[in-house]
Amino acid sequence: MDILKTIAEESGIKLWQAEAVTELIDSGCTIPFIARYRKEATGAMDDEALRNFDERLKYLRNLEERKQTILATIEEQGKLTDELKAKIEEAGTAVALEDLYRPYKPKRKTRADIAREKGLQGLADYILSKGAGDPLKEAEKYISEENEVPDAATAIQLAQDIIAGDLSDNADYREWIRNKTFSRGFIECGLGAEGKKITEAGERSVYENYYEYREAVSKIPGHRVLAINRGEKEKVLSVSVEAPADDILDYLERKTLRKVSDACRPYAQAAVEDGYKRLIAPSIETEIRSSLTANAEEGAIKVFGSNLEQLLMQPPVKGKTVLGWDPAFRTGCKLAVCDPTGKILRTAVIYPTAPQNKVAEAAKTLEELCDRYGVDIISVGNGTASRESERVIADFIRGYEKSRRGRKLHYAIVNEAGASVYSASKLATEEYPDLNVGERSSASIARRLQDPLSELVKIDPKAIGVGQYQHDMNQKRLGEALAAVVEKCVNMVGVDVNTASPSLLAYVSGISKQIAANIVAYRDENGRFDSRRELLKVPKLGPKAYEQCAGFLRITDGKEPLDATAVHPESYDAARSILKECGYDVTDILGGKVKGLAARSDIAKKLGIGSYTFADIAAELEKPGRDPRDEVEAPVLRSDVLEMSDLVPGMELKGTVRNIVDFGAFVDIGVHQDGLVHISQMSDKFVKHPLDVVKVGDIVNVKVLSVDEKRGKISLTMRV
């Protein structure tokens with residue numbers, strides 16, 4: 001297989017692009033670096049296209065390695081024919097390859113193997129031939145006390161085992177059956193052992209929609225596959241694949257019984273049916289369910305990754321002093337005031353919720369903190385006691401603004417998923433050794449509003465809670481995919497090397513966790529970095545790592561103005577030449593004086609600079625250090641609170657998209673329970689997937705369709 005030609009054709013790119021990307025990947029370049037600084041070489045392939053290319057390249061290379069191993073194994077057995085070799089070399093998937101290898105794969109002894117050892121191959125051949133004689137008479141020739149074949153019936157059964165085994169090992173048959181079952185089969189669900197107990201007890205279950213359920217294999221959506229898998233794992237459901245068995249048996253008989261005599265046909269048909277039902281069907285069912293699960297997981301990972309990216313790319317609330325509020329009941333609500341840079345100024349604990357209900361005392365503490373530190377926004381986590389805390393905050397804001405003659409104070413609801421994981425982690429202990437777990441958590445909630453990206457990178461992406469069924473899928477694959485999303489976001493935004501935490505630095509292109517720790521250690525020992533070149537003094541940060549990371553690390557107020565931009569050091573000479581041609585000096589970029597460079601594409605040709613590189617440099621010189629997050633709508637800031645009982649059908653509200661799943665989006669409208677906008681209510685036009693319409697963090701206008709207070713369900717529509 002020509003791997004690069006195959007990928008190029010699949011991806012719709014040119015062969016030269018495939019060759020260039022492969023060379024860059026093999027030389028140790030990271031995906032963010034290639035996407036941002038090697039556009040001329042790749043034809044400006046973006047991050048997603050490059051990651052897909054990288055995954056496909058690894059898959060096909062592993063497939064080729066597997067082919068060589070299989071060819072060598074079959075060659076050693078003396079069974080490798082030219083035809084088989086050609087089929088193996090042409091196999092395009094791991095499944096097709098393993099089908100071809102199946103008859104030659106070392107495995108435990110089968111019934112067919114035992115029958116061959118007893119000398120029954122000849123009888124099996126006779127049954128499948130045009131022999132017109134009585135098969136039972138022929139079978140008598142194989143009766144042998146030594147081979148434990150006591151009678152003709154036993155001989156026939158052993159011969160049928162050989163026929164069934166050979167049928168099962170036929171790669172072409174398996175492929176046809178697999179495709180037929182996928183296109184015409186059904187997933188069927190019934191009650192499992194635990195499900196029967198639940199129904200007998202008259203109890204409800206989240207799986208009750210699947211107690212008697214049937215859906216086409218080819219049409220079942222990924223989220224239902226994962227839900228069914230979970231129900232089966234919990235033994236609430238029993239799950240099976242119903243294949244079009246009659247069609248499959250007709251096909252197998254047409255393929256195998258063409259030369260069979262009328263006398264032998266009943267025995268051959270029985271062997272074919274046994275081969276399918278006993279040997280092929282169970283393994284095909286396993287393969288199909290594994291394929292459905294793998295596809296469902298990939299879909300869920302894609303949605304999770306998209307949600308995570310949108311969450312990480314939420315705009316930072318800049319220049320505001322924020323009071324982080326970690327709500328709780330018995331242990332009290334933990335507070336942390338953070339200045340606009342995220343520095344913790346003060347921590348406190350108040351008890352305005354049950355069982356203490358010290359509302360007046362809490363208000364006094366809040367008043368003192370807001371006055372002393374000039375708090376602009378209260379950032380409250382959406383966990384336990386958040387609803388009760390929100391009422392206290394709204395009442396406090398009304399009284400505070402009135403007593404302070406209209407001084408504005410707002411609050412925002414922040415998704416606190418993972419905050420407790422972070423606050424109890426080794427990282428948090430090292431970052432804030434003098435604070436307890438609650439204080440760290442409240443500080444994290446404050447900083448999630450101030451700079452979501454910098455704060456959320458400290459938490460395992462799987463703990464951030466913007467996915468579906470994340471605990472039911474391959475954790476290694478999920479972790480890798482989400483880490484790639486975080487890496488993409490961090491490098492898209494860029495990192496201030498003089499203020500970044502080790503957690504943030506570790507996601508920068510070319511920087512490992514060890515190098516990140518070394519950068520911080522060097523900074524602590526020698527003071528701030530004055531130039532990007534100084535990074536080369538950091539232990540283990542060599543020329544290759546420098547090449548990969550330099551463009552993504554920012555240094556403000558340093559010796560080199562271009563160090564504060566996304567212009568890579570390798571392009572500094574080109575940047576200066578562009579500025580000179582347009583009548584500017586490099587210092588002009590600091591005051592935002594540089595204008596109109598993008599329109600001067602003639603300069604690129606004159607200076608011998610690639611068009612993609614020129615466009616990127618020009619854009620960066622005109623808006624140095626531009627933060628792509630600034631283009632996203634700011635989070636909703638509230639000053640009052642809604643009760644679920646306040647909601648009535650037809651009410652129009654503004655809300656924030658908190659999570660997206662295959663069947664819709666959950667929107668925070670200011671009550672404790674997020675409302676669901678079903679996919680059918682997202683647009684007047686057909687919507688294939690919610691991600692085509694909204695993303696996490698979007699501010700959307702919604703209308704209330706229905707409210708079920710008992711079940712805690714709110715149905716919304718965006719068709720307003």
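Structure notes:
- Unmet criterion (only one of (1) touching a Lys or Arg at 6+ places or on another chain (Cβ under 6 Å); (2) assigned by TED's automatic domain parsing to the domain that holds residue 167) for residue 116: (1)
So that you can scan it fast, the table gives a plain yes or no per residue for (1) farther than 21 Å from residue 655 by Cα; (2) within 39 Å of the chain's Cα centre (by Cα):
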site	(1), (2)
350	yes, yes
353	yes, yes
361	yes, no
370	yes, no
377	no, yes
381	no, yes
396	yes, no
399	yes, no
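- Test: residue in the stretch 448-455 that is more than 25 Å from the chain's Cα centre (by Cα) and surrounded by 15 or more Cβ atoms within 10 Å (Cβ to Cβ): yes
- Residue within the stretch 639-655 that is modelled with pLDDT under 90, within 20 Å of residue 385 (Cβ to Cβ), surrounded by 18 or more Cβ atoms within 10 Å (Cβ to Cβ) and touching a Ser or Thr at 6+ places or on another chain (Cβ under 7 Å) present: no
- Out of 202, 190, one residue alone is assigned by TED's automatic domain parsing to the domain that holds residue 242 and under 26 Å from residue 287 (Cβ atoms). It is 190.
- Qualifying positions in the stretch 193-210 - more than 25 Å from residue 299 (Cβ to Cβ) and crowded, with 16+ Cβ neighbours inside 10 Å: 195, 198
- In the set (1) modelled with pLDDT of 95 or more; (2) under 23 Å from residue 499 (Cα atoms); (3) not hydrophobic (A, V, I, L, M, F, W, C); (4) not in a strand (DSSP E or B), the condition left unmet by residue 346 is number (4).
- Within the stretch 11-33, the set of residues being over 11 Å from residue 45 (Cβ atoms), assigned to a helix (DSSP H, G or I) and either of a type outside the set (Ser, Thr, Tyr) or touching an Asp or Glu at 6+ places or on another chain (Cβ under 7 Å) (or both) comprises 15, 16, 19, 23, 25, 26, 32, 33.
- 1 or more residues under 26 Å from residue 222 (Cα atoms): qualifying helices (runs of 4 or more DSSP H) within the stretch 438-510: 475-493
- Residue within the stretch 606-626 that is touching a residue at least 24 places away in the same chain (Cβ under 8 Å), of a type in the set (Gly, Ala, Ser) and within 15 Å of residue 699 (Cβ to Cβ) present: no
- Counted residues, the stretch 11-35 - those being in contact (Cβ under 8 Å) with a residue 40 or more places away in the chain and within 22 Å of the chain's Cα centre (by Cα): 5
- For the stretch 196-218, the set of residues classified as among the hydroxyl-bearing types (Ser, Thr, Tyr) and more than 10 Å from residue 237 (Cβ to Cβ) consists of 199, 218, listed by residue number.
- Which numbered condition residue 260 fails, given (1) of a type in the set (Val, Ile, Thr); (2) modelled with pLDDT under 95; (3) assigned to a helix (DSSP H, G or I): (3)
- The stretch 241-269, subset charged (D, E, K, R), surrounded by 14 or more Cβ atoms within 10 Å (Cβ to Cβ) and in contact (Cβ under 8 Å) with a residue 24 or more places away in the chain, residue farthest from residue 163 (Cα to Cα): 242
- Any hit, the stretch 339-348, residues being farther than 22 Å from residue 637 by Cβ, hydrophobic (A, V, I, L, M, F, W, C), surrounded by fewer than 18 Cβ atoms within 10 Å (Cβ to Cβ) and more than 36 Å from the chain's Cα centre (by Cα): no
- Any chance residue 664 is buried (at least 16 other Cβ atoms within 10 Å of the Cβ), at positive phi and without any contact (Cβ under 8 Å) to a residue 40 or more places away in the chain: yes
- The listed residue being closer than 30 Å to residue 660 by Cβ, assigned by TED's automatic domain parsing to the domain that holds residue 219, surrounded by 15 or more Cβ atoms within 10 Å (Cβ to Cβ) and not hydroxyl-bearing (Ser, Thr, Tyr), out of 296, 385: 296
- Looking only at the stretch 130-152, and only at residues there that are loosely packed, with under 14 Cβ neighbours inside 10 Å and closer than 27 Å to residue 251 by Cα, the one that is modelled with the lowest pLDDT: 132
- Hits in the stretch 42-93 - residues which are small (Gly, Ala, Ser) and either exposed (fewer than 14 other Cβ atoms within 10 Å of the Cβ) or not assigned by TED's automatic domain parsing to the domain that holds residue 24 (or both): 72, 78, 86, 92
The values are calculated or read from the model by the stated rules, or taken from the named source; none is laboratory data. Quick caveat: nothing in here was measured; it's all calculated off a predicted structure. For neighbour counting, all protein chains shown are included, and Cβ atoms are generated from backbone atoms with ideal geometry for every residue, glycine included.
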